[in-house]
Each structure stands twice: as structure tokens, then as C-alpha cells.
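Below is one structure, written out as C-alpha cells, with a few remarks after it.
The values are calculated or read from the model by the stated rules, or taken from the named source; none is laboratory data. Please read these numbers as outputs of a predicted model, since none were measured by experiment. Here the Cβ positions follow ideal geometry from the backbone for every residue, glycine too, while neighbour counts run over all protein chains shown. Ligands, DNA and RNA are stripped out before the accessible areas are found, and what is left, the full protein with its side chains, is counted by its heavy atoms. Shrake-Rupley method; radii C 1.70, N 1.55, O 1.52, S 1.80 Å.
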Amino acid sequence: QVQLVESGGGLVQAGGSLRLSCAASGSIVSINAMGWYRQAPGSQRELVATITSGGFTDYADSVKGRFTISRDNPKNTVYLQMNGLKPEDTAVYYCAALKVLSHVLGYGDWWGQGTQVTVSS
């Protein structure tokens, strides 16, 4: 079993900042990539940003220049620094651990429960 625990969501005014954190725990051997996805009401879940164990990053065009993803590999933790927040960033943000190698379960993808981010205008 692998667990992802997210923190850092909340309510912020447009132009403000938030920092999301997500820690993975359990019988983990390695994690290929970690990232953040988001889902707004009535919309599909979409990629926000991902980072590999080697530090390669990928961002959605809508957040480039405003959001920064980082990772602490020994702690199996990923962070998302969100600056210049806009009302359209309002969504539930989900942490993902991708291609996780577990002692017991082999390879798999794991998701957090989600944390609400609300940006008021």
C-alpha cells in the first residue's frame, strides 16, 4: 500500500500565493515521477505539473511562469509553489505518484485525496 497525503490548499485572493505539499509513504522502492493535477467543477482532470526523479519538469501552458514544482526525493515529497493565482486556478488539486515501485505491489500509479484551492476575484 502507498499513501499520498496532501496539504496547503485554501482560499486566497487573486494575485496571491499558495504552496501545496504531498508526501508519499508506504512500501516504496522508487517513484519515477510525481506531479499535480487539478479538476474544476464540470471539467475533466488536467495536468498542472510533473517532475521526474531526475528533476525534469513539465507544466501546463496555463501555469508556466507562475507555478513551480519541486521534489525532495529522499522524503518522497513533491511541492507546488503557486504564485500569481487567478480565479481560473480554482479547482481540487490532486497529487500523483507515477510508476511507483512497491516492495509488495510492483509498479503502479497512486493518487491523493485532493485539496481544494479557491481563488477569489
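In segment 88-100, the residues that are within 8 Å of Gln39 (Cβ to Cβ) and of a type in the set (A, V, I, L, M) form Cβ pairs under 6 Å with partners that are open to solvent by 30 Å² or more (accessible area, probe 1.4 Å) and in a strand (DSSP E or B), at six or more places apart or across chains, as follows: Ala91/Gln39; Val92/Gln39; Val92/Gln116.
Mind listing whichever residues of segment 81-90 are under 11 Å from the mean Cα position of the chain (by Cα) and either among the charged types (D, E, K, R) or in a helix (DSSP H, G or I) (or both)? Selection gives nothing.
Residues that are surrounded by 15 or more Cβ atoms within 10 Å (Cβ to Cβ) and in a strand (DSSP E or B) within segment 71-80 comprise Arg71, Thr77, Val78, Tyr79, Leu80, listed in sequence order. Within segment 89-104, not a single residue is among the acidic types (Asp, Glu) and open to solvent by 30 Å² or more (accessible area, probe 1.4 Å).
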